[in-house]
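Enquirer: Dropping the structure in here first, questions after.
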Amino acid sequence: MDETLPHRMTPQEVDAVCALARLVWQATYPALISQAQIDAMLADRYAAGRMRAQLDDPDHAWWVVKRNQATAGFVHALREGAYCKLDKLYVHPGYQRQGIGTLLLRAAASWARQQQARCLRLQVNRGNTQAIAAYLAFGFSIIESRVFDIGDGFVMDDHVMEFPL
Ligand SMILES: CC(C)(COP(=O)(O)OP(=O)(O)OC[C@H]1O[C@@H](n2cnc3c(N)ncnc32)[C@H](O)[C@@H]1OP(=O)(O)O)[C@@H](O)C(=O)NCCC(=O)NCCS
């Protein structure tokens with residue numbers, strides 16, 4: 001395997017991706033949302049059984065980038081009608097700012113084009129300046145900013161961003 005490029009996530013990599021998600025979320029979100037919300041969203045979004053099922057679902061695509069045999073970053077995109085959603089993009093803090101996020105965004109954009117989607121859309125916390133900078137650098141623009149009620153008393157204060165394909 002070429003370690004420099006993203007590859008589609010394998011079933012054997014699901015646990016490592018979940019572990020990386022926990023690590024990056026704890027490095028990123030305590031300044032932005034409560035620990036209770038972090039724990040609830042991690043449990044919901046990184047259920048290993050659901051992730052494995054998505055590997056066989058043509059409407060979902062996960063990619064992983066490895067560095068020094070370790071999982072350094074991942075992205076998850078999915079089809080939602082006329083557009084594709086960039087649902088998750090996480091790079092290990094020790095490997096950030098080395099171009100891995102851009103490689104993962106390219107993989108997701110290329111897959112979304114193959115799905116005939118008109119754009120790639122995402123939500124990002126309004127206080128997540130680092131991610132917003134990365135998305136703007138890639139060519140996304142902010143199309144909407146609002147508070148989303150996600151239930152259980154939790155909200156997401158997000159920008160919606162789009163990248164035309
Ligand atoms: C957002 C994230 C995925 C970007 O991945 P990355 O591998 O660090 O990004 P890249 O190295 O490809 O950066 C591409 C460009 O984005 C911009 N950028 C990235 N990080 C930046 C930062 N901290 N400050 C300012 N600009 C930044 C720069 O223009 C950069 O190009 P340059 O390094 O040549 O100046 C990564 O920072 C991350 O995992 N953050 C924590 C998790 C997160 O917030 N995920 C997004 C959830 S919506």
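Enquirer: Tally the residues that are surrounded by 19 or more Cβ atoms within 10 Å (Cβ to Cβ) and within 8 Å of the ligand (Cβ to nearest atom), restricting the search to the range 104-123.
Expert: Looking only at that region, the number is 3.
Enquirer: Out of curiosity, is GLY94 near the ligand (Cβ under 7 Å from one of its atoms) and out of contact with any Cys (no Cβ under 6 Å at 6 or more places or on another chain)? Reasoning before the result, please.
Expert: Values: near the ligand (Cβ under 7 Å from one of its atoms): no; out of contact with any Cys (no Cβ under 6 Å at 6 or more places or on another chain): yes.
It is false that GLY94 is near the ligand (Cβ under 7 Å from one of its atoms) and out of contact with any Cys (no Cβ under 6 Å at 6 or more places or on another chain).
Enquirer: Considering the range 24-43 alone, what residues qualify as being in contact with a strand residue (DSSP E or B) (Cβ under 9 Å, 6 or more places away or on another chain) and surrounded by 12 or more Cβ atoms within 10 Å (Cβ to Cβ)? Before you say what the answer is, go through the steps one by one.
Expert: Step one: list which residues in the range 24-43 are in contact with a strand residue (DSSP E or B) (Cβ under 9 Å, 6 or more places away or on another chain), which gives 24-25, 28-29, 32-34, 36-37, 40-41.
Across the range 24-43, the qualifying residues are VAL24, TRP25, THR28, TYR29, LEU32, ILE33, SER34, GLN37, ALA40, MET41.
Enquirer: Filter the range 91-117 for residues that are of a type outside the set (A, V, I, L, M) and in contact with a strand residue (DSSP E or B) (Cβ under 6 Å, 6 or more places away or on another chain) and give the result.
Expert: As a first pass, look at the range 91-117 and keep what is of a type outside the set (A, V, I, L, M): 92-99, 101-102, 106, 110-111, 113-116.
Those that are of a type outside the set (A, V, I, L, M) and in contact with a strand residue (DSSP E or B) (Cβ under 6 Å, 6 or more places away or on another chain): HIS92, TYR95, GLY101, TRP111, GLN115.
Enquirer: For the range 88-138, enumerate the residues that are free of Cβ contacts under 8 Å to residues at least 24 places away in the same chain and of a type in the set (Val, Ile, Thr).
Expert: THR129
Enquirer: Of the residues in the range 5-31, how many are within 13 Å of the ligand (Cβ to nearest atom), touching a helix residue (DSSP H, G or I) at 6+ places or on another chain (Cβ under 9 Å) and over 17 Å from LEU55 (Cα atoms)?
Expert: Counting residues in the range 5-31 that are within 13 Å of the ligand (Cβ to nearest atom), touching a helix residue (DSSP H, G or I) at 6+ places or on another chain (Cβ under 9 Å) and over 17 Å from LEU55 (Cα atoms) gives 10.
Enquirer: Now a separate question. Kindly evaluate VAL160 against the criterion of being under 25 Å from LEU103 (Cβ atoms), within 10 Å of the ligand (Cβ to nearest atom), part of a strand (DSSP E or B) and at pLDDT 95 or above.
Expert: Working: under 25 Å from LEU103 (Cβ atoms): yes; within 10 Å of the ligand (Cβ to nearest atom): no; part of a strand (DSSP E or B): yes; at pLDDT 95 or above: yes.
No: the conditions fail for VAL160.
Enquirer: Do you know which of the residues in the range 140-157 that are closer than 20 Å to ALA82 by Cβ and in contact with a Leu (Cβ under 9 Å, 6 or more places away or on another chain) is farthest from the ligand (Cβ to nearest atom)?
Expert: Once the filter is applied, the top-ranked residue is ILE142.
Enquirer: Need at least 3 residues that are more than 23 Å from VAL14 (Cα to Cα) and in contact with a Phe, Trp or Tyr (Cβ under 7 Å, 6 or more places away or on another chain) per element, so show me which strands (runs of 3 or more DSSP E) inside the range 54-128 make the cut, counting only ones lying wholly within it. Break it down stepwise before answering.
Expert: Numbers: elements: 60-67, 70-80, 83-91, 119-125.
Hits in the range 54-128: 119-125.
Enquirer: To continue, here is another question. Is the range 71-90 home to any residue that is loosely packed, with under 15 Cβ neighbours inside 10 Å and near the ligand (Cβ under 9 Å from one of its atoms)?
Expert: no
Enquirer: Moving on. Surrounded by fewer than 19 Cβ atoms within 10 Å (Cβ to Cβ) and closer than 20 Å to VAL160 by Cβ, is that true of GLY49?
Expert: no
The values are calculated or read from the model by the stated rules, or taken from the named source; none is laboratory data. A quick note: this is a predicted structure, and the numbers were derived from the prediction, not measured. Backbone-built Cβ (ideal geometry, glycine too); neighbour counts: all protein chains shown.
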